[in-house]
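Visitor: Below is a structure I'd like to ask you about.
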Amino acid sequence: MTNMMNSFSSKLIAVQERHLNYHALLSRKEYGQFCLAWAVVAIVLSLLNPLALVIFSWASFPFFFIKSLQRLNDMGRNRWYIALGILPVIGLVFFIYTLFAPSKTRAQ
């Protein structure tokens, strides 16, 4: 029983280090998959209940923020570029750029 608990806790720590660490790297494929999954859930929730969409958006904001920082790290960009996301048109263009920009840190 303790072996199973140790295994579970080590897996939980590994997930936390991978997905909640803003210093980690995130490839464009992983970032695209995350954004696609988020969009699918958002569309389904908007069809079912608009309030659920609002709650989901607010609850998922920290994860989206961390994933965006990880993608900027992978692109070799300064993390302050995330501030471009608050500008309406420039934020959308920068979001599309992050989806298609090549990784700089993994190419070496």
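Visitor: What does the highest-first list of 47-59, 73-85 look like by mean Cβ count within 10 Å?
Guide: Listed from highest to lowest mean packing, they are 73-85, 47-59.
Visitor: In what sequence do V41, V93 fall when counting other Cβ within 10 Å, fewest first? Walk me through the numbers on the way to the answer.
Guide: Working: V41 14, V93 11.
Ascending Cβ contact count within 10 Å gives the list V93, V41.
Taken together, the values in this text are just the output of simple stated rules run on the coordinates, not laboratory data. All of these numbers come straight from a predicted model, not from anything done at the bench. Backbone-built Cβ (ideal geometry, glycine too); neighbour counts: all protein chains shown.
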